[in-house]
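Written out below as structure tokens is the structure these notes cover.
The values are calculated or read from the model by the stated rules, or taken from the named source; none is laboratory data. In this text the structure is predicted, and so the values were computed from the model without any measurement. When we count neighbours, we look across all protein chains shown, and the Cβ atoms used for this are built from the backbone with ideal geometry, even at glycine. Ligands, DNA and RNA are stripped out before the accessible areas are found, and what is left, the full protein with its side chains, is counted by its heavy atoms. Shrake-Rupley method; radii C 1.70, N 1.55, O 1.52, S 1.80 Å.
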Amino acid sequence: MISKFRTLTGITTTGTPHLGNYVGAIRPAIEASHRDDVESFYFLADYHALIKCEDPARIAQSRLEIAATWLALGLDTERAFFYRQSDITEIPELTWLLTCVTAKGLLNRSHAYKAAVDRNIADSEDGDAGITAGLFMYPVLMAADILIFNAHRVPVGRDQIQHIEMARDIGQRFNHLYGNAYRAVARTDADPFVLPEAVIDENVATLPGLDGRKMSKSYNNTIPLWLPTKDLNKAILGIVTDSRAPGEPKDTEGSNIFAIYQAFASPDETAAMRQAFAEGIAWGEAKQKLFERIDAELAAPREKYNALMNKPDEIEERLLTGAKKARERSAPLLAALRETIGLSSPAAPGSRPPSSTETVADSVAAPQWKRYREKDGLFYFKLVDGDGALLLQSQGLQRPDEVGLVIAELMVMGGHFPHVSRATLAMDGRVEVVGEIDGVRRALATLAEVEKQKRAAKAAHD
Ligand code: TRP
């Protein structure tokens with residue numbers, strides 16, 4: 001697919017978000033969602049959650065809490081794509097297509113699967129005891145999450161690197177097997193899938209928990225993100241410190257209180273706290289300052305969070321809107337992939353088959369692409385219908401081959417997916433939809449049909 005650099009983040013919906021998630025993952029991701037030069041995809045990995053959790057109430061609650069968290073903290077859903085994995089039907093469909101090209105041996109080598117087998121063997125059980133095929137297939141589902149949106153980069157923790165490598169392997173295998181077929185179907189020079197890269201942010205703050213170890217659900221040392229003010233205060237009072245008395249100078253190095261404070265404070269505030277430590281601030285007072293700093297940052301979003309949790313319908317609506325927007329990307333790709341592998345459905349709406357005696361080209365005055373170069377030196381194209389009315393107008397493009405690529409992209413969208421919106425067609429401002437969107441769709445479908453007939457005629461002739 002054309003256009004911007006894409007990053008993608010999956011959030012497993014099993015737990016309740018805590019301060020460590022906030023500082024280490026959510027806050028930086030939300031900041032990134034405001035960037036103009038990247039397209040960001042954030043999604044609730046609720047199919048993955050099923051692999052770890054069989055408690056329906058917990059899954060439902062966690063989905064809601066996590067969605068409300070991201071929205072309350074100001075995720076820019078106009079710019080970013082924010083959706084639930086289980087709303088994107090193309091993801092499980094793609095999972096199967098990928099499953100069929102994935103070596104079982106690759107999955108045998110998954111760290112998570114191997115660890116589960118090793119645990120069984122250590123317990124003198126059958127190696128596969130209690131291991132679901134879901135756990136085994138986890139990497140394929142994750143590959144589908146990433147590949148369906150052709151993400152370039154996936155920011156992850158170290159424990160997920162192998163999964164990204166597997167997504168690359170699986171994507172590469174598919175590209176190798178079906179690349180030529182796909183290029184013919186999609187009229188593009190590109191591979192079906194971009195091979196994603198893992199991005200490990202070395203600077204990302206890991207927050208110490210109550211006991212000084214990394215804040216993590218598995219250590220049971222977390223401070224939940226949305227505690228009411230009073231409980232937040234109480235939780236912070238419970239953070240472990242050394243036994244230095246008030247007035248004794250304190251080390252910032254190795255202090256949990258200081259580390260957490262720093263994750264929330266500005267450089268100036270941090271410098272002031274460092275000074276206070278040197279001057280022997282009492283732990284009680286330091287904790288009070290820490291509480292106030294965190295509460296100042298979270299008070300306003302907390303109100304939004306609580307308001308959203310009281311209006312689950314609103315959360316649902318935002319998620320469905322997000323899913324619709326995401327599917328404008330995933331559906332055309334999956335349609336092209338289906339055709340690529342031999343599963344096209346010719347009766348799909350939008351492909352208006354011609355009657356047996358006439359070709360589309362004969363039956364209607366066919367729409368046309370017009371390509372041209374303007375005085376500004378840039379390359380343009382437009383789409384006009386059979387009567388010459390303008391339907392689509394491109395922006396000026398730097399190179400003539402870009403014109404070809406954008407047209408190919410439009411043909412894939414228009415020829416395979418009748419539900420594309422004005423926004424998908426506009427494709428990051430590369431083209432402007434001038435005529436009625438239905439007219440544009442019809443024109444694209446007609447052109448796709450004409451192309452198909454030409455190819456069929458040529459094949460018969462060859
Ligand atoms: N496996 C990831 C985790 O446990 C969650 C996830 C699912 C994910 N699908 C993804 C992350 C796709 C990145 C990309 O953290």
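Worth a mention:
- Alpha-carbon centroids, the stretch 162-187 and the stretch 11-46: separation in whole Å: 27
- Peptide packing: for 43-56, 145-158, the average count of neighbouring Cβ atoms within 10 Å per residue gives the ranking 145-158, 43-56, highest mean first.
- Share, in percent, of DSSP beta bridges within the chain that are antiparallel, nearest 5: 50
- Shown for the stretch 226-309: the carbon plus sulfur share of the solvent-accessible area, taken with all protein chains present and a 1.4 angstrom probe, equals 53%.
- Each Cα pair under 8 Å and six or more residues apart adds its sequence gap; the mean of these over the residue count of the chain is a relative contact order of 15 percent.
- In the full protein context, the chain carries 49 Å² of accessible surface per residue, based on a 1.4 Å probe and ignoring ligands, DNA and RNA.
- Fraction of the pair-distance distribution of the chain above 34 Å, Cα-Cα pairs, percent: 46
- Computed over protein heavy atoms with a 1.4 Å probe, the carbon and sulfur contribution to the accessible area of the stretch 5-202 reaches 51%.
- Label-to-label distance, nm, for residues given as Asp462 and Leu106 (7 Å Cα→Cβ offset): 2.9
- The chain: angle of helix 312-341 to the longest principal axis, Cα-based, in degrees nearest 10: 50
- Maximal additional length on extending the Arg35-Leu343 stretch stands at 107.1 nm, based on 0.36 nm per residue less the C-alpha distance.
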